[in-house]
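What follows is a single structure, written as structure tokens, with notes after it.
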Amino acid sequence: MKKQLLVITAISFFSFCSTAQTILGVDVSSYQGTPTWTSVRPTRLFAWAKATEGTTIADADFVYNETKGTAAKVVMGAYHFAHPETNTATAEANYFVSIAGSYIKAGNLLPALDLEDPPSGTALTSYFSQSALVSWVQTWMTAVQNATGVKPILYTTGSIANYLGASLTSYPLWTADPDGSPTVTPSKTYLGSWPTWTFKQYSFTGTVSGISGQVDMDVFNGDTAAFNSLIGPTVPPVCKTFYTTVPYSTSFETQWVYDSCAEATQRLPDKFWKSSIGGTTPDYDDYWHRDDYTGGDWSSPTNGAYSPTSSNGSYSARFHNDPPPAGSTGALDLYINLSTAGTKTISFDYIHNEASPAPFKFDVVLSTDGGKTFTDTLMRISAQVSTWTTESVTTTATSSTGVIRFIVTDKGTNDVGVDNLSVTSTPTGIDEITTNSDMVVYPNPTDGTILNGLFMADPAFSTMEVHIYDMMGRDVLTQQVEIERGRFSMALANAHLVAGTYMFVGLSGSERFMKTVVVK
Amino acid sequence: MKKTRIIIAILSFIGLTAFGQDNTVVGKITEVSPYNDQYRITVGDASLVLLVDPKDETHSTFEINKKYKNILVKKDGKFVLNPKYADKTFKIEFEINGKGWKCIKTIEPSKK
């Protein structure tokens, strides 16, 4: 991939460094069908292809255009048609990045936000206040830049550019000024507060060899050096590792985000995850995705799908391996700080409905060195699990750079699903943690209505904050208690504690008291 | 027999795709509104776009046949349907532009 990038950049460089010329391009969508990009290239040096619209429409020809255009040495880019009247900016940015993320990189055009009046309904300038529209655009721009490391460009009309004011002028402008001329400078009425323009869409009705029907025509404002500078190496994304903390939970409901630090097309539940492939014949189709993924990694995504698609909410994390290179693996890693004291419980729902799964294994393995080595196999499942089933495993690891890896080696028939994941902590080793154990609680076991405490010696404090945790680490009751002559009493009835084992944690200043309490 | 049916089906599809697209609308203009620095005109259920003539620096005429370049007139700073064309039925031919808009090419009176 890196080589390909260099080649594309080099081609772009050699293409545009020889002579001064007007740098012309087009922007296309499925309205143009499938252009013959080798016929386009002699007269059009760049092209934006529509990737997405709103949060549900992925242009059917986007991948074709990006792939064939790039192969024909056209400098390609991706654009998103906004529907601010319908969706949040964050949802639209995430959707765009999930589809177009792997095509946003050095050597390509800037990712573009197409901001224009919706095909039906009210004009944006009537629908939104200026500040609301500016805020929507700013949020989209920031989200895309954060996800890709590339500053986006804004495509818009003169009337909207004027309406937006000066707040967004740090983003380059691609102005819609269909005056039919690639050489005439757009008048000020098309630029709003922008001091200059970067691209101009000079026709909505152009014709270009290799493209059937009419097409939008564009021109770059600058010479070859400026163009090369624009598409050249950009600020690389910060490939930082983020560790979540305990407790952590997810049901994989949100749209998975593009992993801008990876060369492939991985998408991840959130920034605390990474994914990788390995084994004997690793291929892109071995990557985990949210179960509804339909992108290029997975061939025939309906093959091997499990039902229902989730055990909690609508979506799950899914390992799909079709066609099946036997022995290849797909790993999904959660980076998590496990330094919280006590036993950590990893709980998740699991499905793999395959009667004869061998050769197959699903492992939950743990790294305590930030993913360098995985030495602790916490769990292995190698048999059929035909319905969603809750699995759980514990660890007492205290590494601040823990990585919990879900790794599948599959023969590639039916898919594997994981959902409803949680990592919680249950305090244990009370004596190690408690510095002052001169206190007892009684009755213990209790009937769940009242709990009393007695200090062996009068404490120096008169109040204490008490937390009652269940064995999943959930704080089921918090109460401030008064201490008189070394004694306190607290009502439990309102907490409706079910029979079981609980942790009593009393806090006052730097003092901490921990006891195991049984409700019968 | 099956082959014949398949061939007929394919030919029918090609015929419809290549020659069967109807790029005309007949009806009265019921609404005019600004749309991306152009004008959106509603005729029945159809939403058509009237492109501003880029050669006209005053942006007051449109890219259609000469006879109807005055289809819209300015009133109180906004373009509205020329009153003399109100309640008239037109046959409007359009073509799809690069954005997928139905751009009006010609307007003719209709006998309907």
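Data overview
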quantity: Failed criterion for B:F79 (all others in (1) under 18 Å from B:S33 (Cβ atoms); (2) surrounded by 15 or more Cβ atoms within 10 Å (Cβ to Cβ); (3) away from chain A (no Cβ under 14 Å) hold); calculated: (3)
quantity: Some residue of the stretch B:90-98 being over 25 Å from A:A49 (Cα atoms), away from chain A (no Cβ under 14 Å), free of Cβ contacts under 8 Å to residues at least 24 places away in the same chain and β-branched (V, I, T); calculated: no
quantity: Meets criteria (among the hydrophobic types (A, V, I, L, M, F, W, C) and outside any helix (DSSP H, G or I)) for A:L133; calculated: no
quantity: Residue in the stretch A:155-174 that is under 23 Å from A:V75 (Cβ atoms), within 14 Å of another protein chain (Cβ to nearest Cβ) and not hydrophobic (A, V, I, L, M, F, W, C) present; calculated: yes
quantity: Residue within the stretch A:10-25 that is modelled with pLDDT under 95 and under 28 Å from A:N94 (Cα atoms) present; calculated: no
quantity: Total residues in the stretch A:191-208, condition more than 13 Å from chain B (Cβ to nearest Cβ) and under 21 Å from A:A78 (Cα atoms); calculated: 3
quantity: Hey, B:G44 touching a Gly at 6+ places or on another chain (Cβ under 7 Å) and either surrounded by fewer than 16 Cβ atoms within 10 Å (Cβ to Cβ) or modelled with pLDDT under 90 (or both) or not; calculated: yes
quantity: Tally, over the stretch A:472-504, of residues that are more than 16 Å from A:D438 (Cβ to Cβ) and either part of a strand (DSSP E or B) or charged (D, E, K, R) (or both); calculated: 17
quantity: Condition broken by B:K67, with the remaining ones in (1) in a loop (DSSP other than H, G, I, E, B); (2) more than 14 Å from chain A (Cβ to nearest Cβ); (3) of a type in the set (D, E, K, R) satisfied; calculated: (1)
quantity: Extreme residue, nearest to the other protein chains (Cβ to nearest Cβ), among residues of the stretch A:104-121 that are among the aliphatic types (A, V, I, L, M) and within 14 Å of A:L133 (Cβ to Cβ); calculated: A:L115
quantity: Residue list for the stretch A:466-520, restricted to those being among the basic types (K, R) and farther than 20 Å from A:L454 by Cα; calculated: A:R474, A:K520
quantity: Condition broken by B:K55, with the remaining ones in (1) touching a residue at least 12 places away in the same chain (Cβ under 8 Å); (2) within 21 Å of A:D177 (Cβ to Cβ) satisfied; calculated: (1)
quantity: Members of the stretch B:26-37 that are in contact (Cβ under 8 Å) with a residue 24 or more places away in the chain and either among the polar types (S, T, N, Q) or within 12 Å of another protein chain (Cβ to nearest Cβ) (or both); calculated: B:P34
quantity: Yes/no for A:T345 being free of Cβ contacts under 8 Å to residues at least 24 places away in the same chain and not aromatic (F, W, Y); calculated: no
quantity: Yes/no for A:Q145 being surrounded by fewer than 21 Cβ atoms within 10 Å (Cβ to Cβ), more than 14 Å from chain B (Cβ to nearest Cβ) and free of Cβ contacts under 8 Å to residues at least 12 places away in the same chain; calculated: yes
quantity: Residue among A:S347, A:S400 that is assigned to a strand (DSSP E or B), under 30 Å from A:V505 (Cα atoms) and either under 27 Å from the mean Cα position of the chain (by Cα) or hydrophobic (A, V, I, L, M, F, W, C) (or both); calculated: A:S347
quantity: Unique match (being under 25 Å from A:T302 (Cβ atoms), in contact (Cβ under 8 Å) with a residue 24 or more places away in the chain and aliphatic (A, V, I, L, M)) among A:L421, A:L366; calculated: A:L421
quantity: For A:T122: the one exception among (1) over 16 Å from A:P172 (Cα atoms); (2) under 25 Å from the mean Cα position of the chain (by Cα); calculated: (2)
quantity: Some residue of the stretch A:183-190 being more than 30 Å from A:W37 (Cβ to Cβ) and more than 10 Å from chain B (Cβ to nearest Cβ); calculated: yes
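The rows are residues; the columns are (1) of a type in the set (A, V, I, L, M, F, W, C); (2) modelled with pLDDT under 85; (3) within 38 Å of the chain's Cα centre (by Cα).
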| site | (1), (2), (3) |
| --- | --- |
| A:M472 | yes, yes, yes |
| A:V481 | yes, no, no |
| A:G486 | no, no, no |
| A:A491 | yes, no, no |
| A:T501 | no, yes, yes |
| A:G506 | no, no, no |
| A:R512 | no, yes, no |
| A:T516 | no, yes, no |
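The values are calculated or read from the model by the stated rules, or taken from the named source; none is laboratory data. Owing to the predicted nature of the structure, the values given are computational and were not obtained by experimental measurement. A quick note on method: Cβ atoms are made from the backbone with ideal geometry, for glycine too, and the neighbour counts reach across all protein chains shown.
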